[in-house]
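Read-outs throughout are calculated quantities, based only on the coordinates presented, and are distinct from any laboratory measurement. The shown structure was predicted, so the numbers you read here are calculated from the model rather than taken from an experiment. Reconstructed Cβ throughout: ideal geometry from the backbone, glycine too, with neighbour counts over all protein chains shown.
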Amino acid sequence: MTSSSSPSRKALSKIACNRLQKELAEWQVSPPSGFKYRVSDNLQRWVIEVTGAAGTLYAGETYQLQVDFPEHYPMEAPQVIFLNPAPMHPHIYSNGHICLDILYDSWSPAMTVSSVCISILSMLSSSPAKQRPQDNDRYVRNCRNGRSPKETRWWFHDDKV
Amino acid sequence: MAAAAEAEEEVRQEVEAVASVYGDDCRVVRGFPPHLVVHVRPHTADDSSQQFVELFLGIKASSQYPKAPPHVYAVESKGLDENRQVYLISSIQNKARELSCYPMLVTLCEEAVEMLSNMNHPAGDCPLCLYPLVKENDGSALPFMKLMSCYHCFHSDCIMRWWEWLQNDDTDSKKSSTAATTEVIHASEGLDLSSSAKHHNVSQHKGLCPVCRKVFDEKDIEHVRDLLGANTSQLASLSIDLDEDEKEVLHSESEKIRQEKFASLFNLQQERNGLIEPKKDLSIQPGMYIPRPPSAPTASEGDTVDDSSEDTTTSTSGTEPLNQTNSTGGTTKHNSSSGHRRRHRSHASRRQPHGQGQPARQQWQRKGGDTSHQ
């Protein structure tokens, strides 16, 4: 359901490993508020709990983000999806895929897990309504073979939410 | 009334004084009450490569000036993180309060120059690897560079690795039209040209700063390449994404051209003894034996051969350094197996274009003839 079976991934490069260890160490010193890293010994897959910010549609609700890192992180963007159940949001598909430009075309290696998390929370917080994207069913059907959202050709048209 | 006019005249003269001291760096928004924007730089003896911070300082006074101190603010700054900028502005504002009743415009600007000179070092971590640019205790560090357009600093190795990644990615996305990201944009006039032309002209590229996405000139990167002379380590990192399925990229026209460009650059560097051996994956421990790479004989040999046999020299010395890196990799195999594998692959792949023999070499010559990248 959550396409957690990502295609046979390659191990992290040495550079990616160093960078992730550094990110994790910094996360442990000052985690972004609203997020909790679920401890695991798998550096290549982080599971992060998100709690909706107070005063927003998702206040008090908790969701789980799964972040998978490619061999050449941070040159390549990580794959970030919500685990089931994904929050109802106009840019979040029911299979957990997130339509957010920085995860795909606008990724920059200067971004971190922490900055991505903050962007996602801000996207949640500015949601006007709890609803699925208009093309949810079609999109999710097309992804049934466990396709990664990184293989999707995304259109980013809405910069308000 | 006369006194007021006189006071205004004095203030106007003071503004003129600032304008004449700072010349083009001073923009007078309004003569009276004074409103100036002054481009303030640290003392670096006009060496822009040594400049890591700068500030456009706004000074806006009321008609009560100089009795009432002017408002001081940052219009724009480069290289200053928020803390340092806040500190700088509040210090100058305090100075303005201290100097109430006196003409102070030039003094405030000078104060800003002094403070900037003390702050003239890059702060924080490399945005790419997240390790410090400059180590605070001993001042030692990996070499770093700065983008001239935004003053964001990076370890030289880190930015080069990213740049090579983009170049590869760009080639890649041209072959298969996946939604691959390239943060490389074409210079506007070169847009049609470079997409239609067979020769993928790298020099028409500009990049976007990974931090602020401001456009920077490729010259910034070329400069680092020259400084590092790090073609050997580049060759290693070039092939970081080399897979079975990506091998076809390596056989593509543009990739060949690019590799040949590197090979020729490499030879040039080698001739000038400008090569620094890669040290990235090599952790030196006490008592460890590091073999001296046998590069010198080849280089001198290359100097003595005549023009007619030059292309053979090119192809041999093109593969030579990879053998070296490979042997270095062998010594460190136990502590970086992935690094070794990567080098090994790069070795195998880099040989392919040369391995094709005659056609590849001819192409190198042709390329060298009609374009002058160096």
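A few notes on this one:
- Residue list for segment B:28-51, given a label point 7 angstrom along the Cα-to-Cβ vector of B:Lys219 and an amide N cut-off under 17 Å: B:47-51
- Amide H to amide H, with H built 1.01 Å from N, B:Phe216 comes under 5 Å of B:Gly207, B:Leu208, B:Cys209, counting only residues 5 or more places away or on other chains.
- Percentage relative contact order, segment A:12-141, counting C-alpha pairs under 8 Å, at least six apart: 22
- Alpha-carbon Debye profile of chain A, log10 I(q)/I(0) at 0.14, 0.15, 0.17, 0.19 Å⁻¹: -0.69, -0.80, -1.05, -1.32
- Order of B:Asp47, A:Asp41, B:Asp169 - criterion: other Cβ atoms within 10 Å of each residue's Cβ, fewest first: A:Asp41, B:Asp47, B:Asp169
- With 22 Å as the limit, the listed pairs A:Lys22/B:Lys135; A:Lys150/B:Lys146; B:Lys95/B:Lys214; B:Lys60/B:Lys95 have A:Lys150/B:Lys146; B:Lys95/B:Lys214 beyond it between alpha carbons.
- At q = 0.11, 0.15, 0.16 Å⁻¹, base-10 log of I(q)/I(0) for segment B:1-119 (Debye sum, equal scatterers on each alpha carbon): -0.35, -0.63, -0.71
- Amide H contacts under 5 Å for A:His97: A:Phe82, restricted to partners 5 or more places along the chain or on a different chain, H placed in the peptide plane at 1.01 Å from N.
- Charge dipole magnitude, Cβ of K and R +1, D and E -1 - segment B:38-150, Cα centre, debye nearest 20: 380
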